Amino acid sequence: IGDRDKSIDLHRQAQYELYIIPKFENPDQPAHRPCQHSPPNLVARSCTMTWLRIDATQNRPGYDLFGKEIEKPVNDDRDYRLIRLENGLQALLVHDSATPISGACMNVGVGQLSDPDDLPGLAHFCEHMLFLGTEQYPGEGEYASYVAMNGGSSSATTMAWCTSYQFSVKFSALNGALSRFSAMFHSPLFAPSATLRELLAVDSEDKRNHQRDLARILHVIKSLSRPAHPWSRFGNGNAQSLTAFRNHSNDNSRAGSTFDLVDEDTSKIDEDDEGGEAGRETRRRLIEWWREQYCAGRMKLVILGRETVEELADLAVTLFSPVKNRGVEAYTVHSPPYEVSEHGTVVFVKSLNNMSSLELIFPIPPQSPHFQVKPVQFIGNIVASNHPGGLASYLKSKGWASRLSMTSFTPAEGLDTFAVQAELTPEGLSNTIIYALPVMSLKGTFHLAKYQDVAALIFSYIRILQNSPLPEYIYNELEQLSSLAFRFPHKSADVRLVLTDLAERLHSLYCPPELLLRLPYFGEWNETPVRELLNTLNPRDLLVVVAARHLDGVAPLGEWKQERWYKAEYKVTTMDEEFFRLLSHSPIVPEIGLPEPNTYVPTSINVAKQNVVEPLIEPILLRETPALQLWHKKDDQFWVPEGSITLRLISPIANKTPRHAIMTELYTDFLRPILDRDFYPAIAAGLHYEITKDSGALALRVSGFSEKLPLLLWSILDTMKHFSAHPESFPLYKTARHHSHESFEMSEPIIIGEYFCRYLVDPDVWTHKECRLELPALTVDEFNAHCIELLSRLHIRVLVHGNFGQEEAVDIMTKIESMLQVEPLDPSEIPRPRTLIIPDGSNYSWQGTVSNENEPNSSLIYFCHVANFEDRKTCALVALLAQIIQEPCFSQLRTVEQLGYLVWSRAAVWTPSVGLLFSIQGEHDPAYVEARLETFLENMAVRLHDLSNDEFRDHLTSLIEGQEKKPQNLEDERRRFAAPIKLGHTNFCIRQQYADCLRQVVLDDVIKLFMARVHPASTTRSKLSVHLRSRKLPLNDAVASLTAATIIHDASDFKSKLLLSQGSDVSNST
């Protein structure tokens, strides 16, 4: 298909062939040729693409319709249609007659790798600016306001090779939302007045990554690539990278070159809303770049709504046809990012948190041509398997690693990597000389650090695969599980996630569109591409990354370098001869072998589907004794062969004191690796378990295919009942738990602040420091005694849900009773929801300092207690008020005032307390942020009074529809049942009760509630704020600025003086 005339003729035919890239060609551009990296056999194999021409009408342009039926599960009641607009844009249309939420996602095949050399972060900056006004809807907040007012949400993400934009709204608002959404891609204004704000927003977002070890390590790895390679670019961007550039003419001399950024120019961005001279130049370059890169042929659109596929097609064609096709091809990387090495590279990176990790990164050939076999998934499934006798189990038994995992990373077509990661223990990182791997075929003595020995073991396991017959039964198991996942899909409760996934799949160069819903798709077994991939896994091209907080004695001597953007300290060295020779000739370890066939993979898939007039809206209480409650709900609407069994094991000692709390946490810490090892086959076969300490209880849940789910539960309960910690391993687990609590204190200030705010009003929450201080004196004997007592006296609440009948549920409960044989609790020992009461008319504030000395951000948490959980109408009003406030709060405090990148406002349900919670994280002093928040709240009173009847009705209708939204899948329904059971009441109709209350609400009710319980001038509100100040803020008397607040100097003393609200039975509340 080489000449233009032929390509024009082809697109008018009903059936024709396209090579590799199924994409409509702009008649003014030459036809696409196969990508340079495509294997010859795939270039020779064309895929037949059947497209039918749909002629234009008076109201819309013509388009092409994909003529093959898109394969879908039998029980999927949605309709799918794939179309291609005349500008080359492809759109997947999804009709769902019952969806309460509609939405769309646009995936643009342009991302960070397409940034100009001298403007790193421009694709990300474009994502920010695209939202803020179009020619059709010039208001900066028009799109966001429309989405929020219609009960929806919107977001966008810039990745290496693409940028994804998505929204969801109530189903009746799709047309208006699409109209605003589509304009962003053909006529954005890139509002000059927003330039400075969004430069600073990108900068604030980037600063969050400065304290994230994964981001810091990634940027060290990227910095090692060739300077001119796209992978070396600083994709996120910040104020410096987006303004501190030199003027370079847009000519061919720029290709493949790199430029230095001029750091001192960043001061120019503060001159005005447009960012001064530097900001105006950035905006000019942005528009220039957008016109070059944002091309209809690179765009994949997915729309979901109640409209028919024909109606959705008319919407898509009418609204998105104005997007221009600029004739640019899909982005592909044609060269490796790293220089060719003969001996591999080792990188040592200092982390901020208590972590120790080893990562082996292999560059591999492009894998998308092998989408039907998935060599990476096949090999990774074996290497990272936690089966007894596997590599992961061996490393854990030696005490060298706590976890082994595999990832494949493809930031762009042609840039594929295969990585194996080991989370090392302190013993696994140490530089002690060991001789764990005798290399009989090599001369000389090998002196290895432990991390090198772990790496050698990984290569030893790879060598097993290279030299052994490949186990086809593992591929068959993966194919069976993939087939089951396709046959019995879960309809996601989050529409945006579904749309985002489908839009990304549309970019596949190799997968035929009719298999779009089947991904990941497993075709016939083919050993050849698996062998080819295995043969590329060698130490010559290997990048070894060792990351830990303390690397003294592990890293080689010499000066530490500093990565430019996130300032991570690192050292780079070529792999020494001994290490390289060991990896090249690592011996087979007899104790390590391949996994056996998995008997947990389902063989009998039975779904007892029944004729149901109306699904039950609540579970049935089948049994109740002083020791237990058994709740049951048979799946009567989703008809999948899955289920879940949820146990709440309530113990009076689980959370009695900080010491009891830390011992209960340690109990779950010990159990998880045992369960991961012993029941890995069940986990690999699609069964899941969760075990956590949840306030005064142990929460255990198993879920997945129902056929063998009870067997997994019996095995877990047996392990729990007979567990006893060994003295030699106990110190290791104490250290790990200590590090876990320490790491929490290195979390983002907004996370720590919200936790501490909850601590101040909840008598059953302990601080991480209180728990951590109990660890040194804790003995293994005391701990083992706690574990026995923990399970000896319990109140058990069980929910059996999904593909289980009533008789099966009773049998499950009988077995649980038989296994645990617990002594029932006295009713007074069963905890009920309770909080501490903040008195009316109070204004409290607690001041703290961020522990992480490198954290530039501070946080403000601002809580107003409004009502008790039992007061249904007031709780409904709180939810309505939170919805009305959310968009203007974000717009004013984040977009306009730039108080922080994170600005959250929502209804907080801390049963039985319900209130409004505002959380803000940024570089301003929290005292200043609180003052600005209170100014916003004062102005919000005026906004509420000015709210039109139509605006109020839109908010009200949207919230009612949200409350009456039916469960979207089995897990969504389970969560709705589990929450009341956890709280100890039987009211499963709370959402409907809220909706009924909202129907009686008028605007005056909202205003009165706001003025009495939220407005800063109110004499009856109950307010509590938490300030966490960055150590980088200048020292000043921040407390003095809070003249009206009562400062909390001693948190424990504050809690002791508050009255306690005992949770009441809300089952009969109205």
*Within the range 116-147, restricting attention to residues that are among the small types (Gly, Ala, Ser) and in contact with a strand residue (DSSP E or B) (Cβ under 7 Å, 6 or more places away or on another chain), which residue is surrounded by the fewest Cβ atoms within 10 Å (Cβ to Cβ)?*
ALA144
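Could you list, in sequence order, the residues of the range 744-764 that are touching a residue at least 60 places away in the same chain (Cβ under 8 Å) and either surrounded by fewer than 16 Cβ atoms within 10 Å (Cβ to Cβ) or not in a helix (DSSP H, G or I) (or both)? Steps first, answer last, please.
Quick first cut of the range 744-764, residues touching a residue at least 60 places away in the same chain (Cβ under 8 Å) only: 745-746, 748-750, 752-754, 756-764.
GLU745, MET746, GLU748, ASP762, PRO763, ASP764 - these are the residues of the range 744-764 that are touching a residue at least 60 places away in the same chain (Cβ under 8 Å) and either surrounded by fewer than 16 Cβ atoms within 10 Å (Cβ to Cβ) or not in a helix (DSSP H, G or I) (or both).
From the list SER357, SER397, SER402, exactly one residue is touching a Gly at 6+ places or on another chain (Cβ under 9 Å) and either surrounded by fewer than 19 Cβ atoms within 10 Å (Cβ to Cβ) or part of a strand (DSSP E or B) (or both). Which is it?
Values: SER357 fails: touching a Gly at 6+ places or on another chain (Cβ under 9 Å); SER397 fails: touching a Gly at 6+ places or on another chain (Cβ under 9 Å).
Of the residues listed, the single one that is touching a Gly at 6+ places or on another chain (Cβ under 9 Å) and either surrounded by fewer than 19 Cβ atoms within 10 Å (Cβ to Cβ) or part of a strand (DSSP E or B) (or both) is SER402.
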*Inside the range 883-906, can you point out the residues that are without any contact (Cβ under 8 Å) to a residue 40 or more places away in the chain and crowded, with 20+ Cβ neighbours inside 10 Å?*
LEU899, VAL903, SER905
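The rows are residues; the columns are (1) crowded, with 17+ Cβ neighbours inside 10 Å; (2) of a type in the set (Phe, Trp, Tyr); (3) modelled with pLDDT under 90.
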site: TYR461; (1), (2), (3): yes, yes, no
site: PRO471; (1), (2), (3): no, no, no
site: ARG487; (1), (2), (3): no, no, yes
site: GLU527; (1), (2), (3): no, no, no
site: GLU532; (1), (2), (3): no, no, no
site: ASN535; (1), (2), (3): no, no, no
site: ALA548; (1), (2), (3): yes, no, no
_Some residue of the range 363-375 being crowded, with 18+ Cβ neighbours inside 10 Å, at pLDDT 95 or above, farther than 21 Å from SER584 by Cβ and of a type outside the set (S, T, N, Q)_ = no
*Within the range 819-826, is there a residue that is touching a residue at least 24 places away in the same chain (Cβ under 8 Å), under 30 Å from LEU970 (Cα atoms) and not charged (D, E, K, R)?*
yes
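For the range 796-825, which residues satisfy the criterion of being assigned to a helix (DSSP H, G or I) and surrounded by fewer than 18 Cβ atoms within 10 Å (Cβ to Cβ)? Give the steps one after another, and end with the answer.
The initial filter retains those residues of the range 796-825 that are assigned to a helix (DSSP H, G or I), namely 806-820.
Result: GLN806, GLU807, GLU808, VAL810, ASP811, THR814, LYS815, GLU817, SER818, MET819.
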*PHE783 fails exactly one of the following numbered conditions: (1) farther than 30 Å from LEU902 by Cα; (2) hydrophobic (A, V, I, L, M, F, W, C); (3) in a loop (DSSP other than H, G, I, E, B). What is the number of that condition?*
(3)
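If a residue counts only when it is buried (at least 21 other Cβ atoms within 10 Å of the Cβ), among the β-branched types (Val, Ile, Thr) and touching a residue at least 40 places away in the same chain (Cβ under 8 Å), which strands (runs of 3 or more DSSP E) contained entirely in the range 589-703 have at least 1 such residues?
On the way: elements: 620-625, 628-634, 642-650, 688-694.
By residue number, 642-650.
Please work out which residue is farthest from ALA941 (Cα to Cα), limiting yourself to the range 859-895 and to residues that are of a type in the set (S, T, N, Q) and in a helix (DSSP H, G or I). So that I can check it myself, show each step before the final result.
Residues of the range 859-895 of a type in the set (S, T, N, Q): 859, 868, 874, 883, 886, 891-892, 895.
Narrowing the set further to residues that are in a helix (DSSP H, G or I) leaves 874, 883, 886, 891-892, 895.
Details: THR874: 18, GLN883: 15, GLN886: 14, SER891: 16, GLN892: 14, THR895: 20 Å.
Among residues in the range 859-895 that are of a type in the set (S, T, N, Q) and in a helix (DSSP H, G or I), the one farthest from ALA941 (Cα to Cα) is THR895.
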*If we keep just the residues of the range 148-181 that are in contact with a strand residue (DSSP E or B) (Cβ under 7 Å, 6 or more places away or on another chain) and farther than 17 Å from VAL302 by Cβ, which is surrounded by the fewest Cβ atoms within 10 Å (Cβ to Cβ)?*
ALA160
*Read through the list (1) under 26 Å from LYS491 (Cβ atoms); (2) in contact with an Asp or Glu (Cβ under 7 Å, 6 or more places away or on another chain), then give the number of the only condition that GLN921 fails.*
(1)
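The values are calculated or read from the model by the stated rules, or taken from the named source; none is laboratory data. Because the structure is predicted, anything quoted here is derived from the model rather than measured. Backbone-built Cβ (ideal geometry, glycine too); neighbour counts: all protein chains shown.
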